[in-house]
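Structure, as structure tokens:
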Amino acid sequence: MNVTDFQFVKRTYFPTTIFQIDVPDSKALNDKLLENIYAEQERDLKGINRSNFSELGGWHSHNELHKSPNYSDLVSLINAATAKMGDDQGYAKSHAMRIGTMWSIINPPGSANRSHVHPGCMWSGVYYIHAPEGAGNIEFVEPRTAHLMNQPRYEPKTKRAKENWTKVRFVPIPGRMFLFPSWLYHGVDPNVSKEQGRKAHRVIVSFNLNQVKISKDG
């Protein structure tokens, strides 16, 4: 038998899935969200500190925006997106993904978000409202520490297969949403926009999700 005469089967397990949702004609929704978020900032200039750097100007709202009627359109959009995600994942129809916390972050030029995870939930998400060029990409990092400890050498000047990447970045685009596992480390690059005033801001809404049992009366 020739040493090359063997069956070669590739099996890929334990993937990390990130869902991308692009909302058409999102300008009206985003304009309304911007108005409400800046009003929220004026009511609470200090905000709270989480992954943001308040000393660099980053502002983080409280975590209960989903309870306000001002964000009902966005909540409905998130519910529709997570229902589709649940179908894709084969989740039980007796439960639905629901928002547990939701907040906004405003990053002016010079601000960023440190790498972090979201404890106490299954999935997390971000929806982009305003993001000029250079406003700061989101970066997701390889979750398997062992893979980072001893990196193999790859052929130079060749495109590496996605399953061998150790990080991935996405440009923020208004009207785009990402859903990702809450345990997946992620951070935001510094905002280096050259725009002036609020036009330079990176404005998003983020949220955490858990499965909730659906009551018989809906």
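Has region 178-198 got at least one residue that is among the small types (Gly, Ala, Ser) and farther than 30 Å from Gln89 by Cα?
There is at least one residue in region 178-198 that is among the small types (Gly, Ala, Ser) and farther than 30 Å from Gln89 by Cα.
Of these, Ile138, Ile173, which one is surrounded by fewer than 17 Cβ atoms within 10 Å (Cβ to Cβ) and either in contact (Cβ under 8 Å) with a residue 40 or more places away in the chain or over 29 Å from Val203 (Cβ atoms) (or both)?
On inspection, the qualifying residue turns out to be Ile173.
Go through region 45-75 and count every residue that is more than 16 Å from Glu35 (Cα to Cα), assigned to a helix (DSSP H, G or I) and of a type in the set (A, V, I, L, M, F, W, C).
Count: 2.
Under 22 Å from Tyr38 (Cα atoms) and part of a loop (DSSP other than H, G, I, E, B): which single residue out of Ile129, Ile173 fits that description? Show your work before the answer.
Values: Ile129 fails: part of a loop (DSSP other than H, G, I, E, B).
Going through Ile129, Ile173 in turn, the sole match is Ile173.
Under the condition of being out of contact with any helix residue (DSSP H, G or I) (no Cβ under 6 Å at 6 or more places or on another chain) and aliphatic (A, V, I, L, M), which residue from region 82-98 is surrounded by the fewest Cβ atoms within 10 Å (Cβ to Cβ)?
Ala92
Condition first: more than 22 Å from Asn191 (Cβ to Cβ), polar (S, T, N, Q) and outside any strand (DSSP E or B). Now tell me which residues in region 98-126 satisfy that.
Matches in region 98-126: none.
May I ask you to list pairs of residues, at least six apart or on different chains, whose Cβ atoms are under 6 Å apart, with the first in region 176-193 being free of Cβ contacts under 8 Å to residues at least 40 places away in the same chain and the second being of a type in the set (A, V, I, L, M, F, W, C)?
Once the first residue is free of Cβ contacts under 8 Å to residues at least 40 places away in the same chain and sits in region 176-193, no partner that is of a type in the set (A, V, I, L, M, F, W, C) comes close enough.
Return yes or no: is Leu77 surrounded by 13 or more Cβ atoms within 10 Å (Cβ to Cβ) and either on the phi < 0 side of the Ramachandran plot or modelled with pLDDT under 95 (or both)?
yes
Mind listing just one residue for me: the one in region 37-57 that is crowded, with 18+ Cβ neighbours inside 10 Å and over 17 Å from the mean Cα position of the chain (by Cα) and, of those, nearest to Val171 (Cα to Cα)? So that I can check it myself, show each step before the final result.
Restricting attention to region 37-57, the residues satisfying the condition of being crowded, with 18+ Cβ neighbours inside 10 Å are 37, 40, 47, 51-52.
Of the ones still in play, those that are also over 17 Å from the mean Cα position of the chain (by Cα) are 37, 40, 47.
On the way: Ile37: 21, Glu40: 26, Gly47: 25 Å.
Selected residue: Ile37.
So in region 137-151, with the set limited to residues that are part of a loop (DSSP other than H, G, I, E, B) and at pLDDT 90 or above, which one is nearest to Pro190 (Cα to Cα)?
Here is the first cut: in region 137-151, the residues part of a loop (DSSP other than H, G, I, E, B) are 137, 142-144, 150-151.
Filter once more, keeping what is at pLDDT 90 or above: 137, 142-143.
Working: Asn137: 8, Glu142: 20, Pro143: 22 Å.
Across region 137-151, the extreme among qualifying residues is Asn137.
Which one is nearest to the chain's Cα centre (by Cα) among residues in region 152-167 that are exposed (fewer than 10 other Cβ atoms within 10 Å of the Cβ) and part of a loop (DSSP other than H, G, I, E, B)?
Once the filter is applied, the top-ranked residue is Ala161.
The values are calculated or read from the model by the stated rules, or taken from the named source; none is laboratory data. Bear in mind that the values here come from a model prediction, so they are computed numbers and not experimental data. Methodologically, a virtual Cβ is constructed for each residue, glycine included, from the backbone with ideal geometry; neighbour enumeration extends over all protein chains shown.
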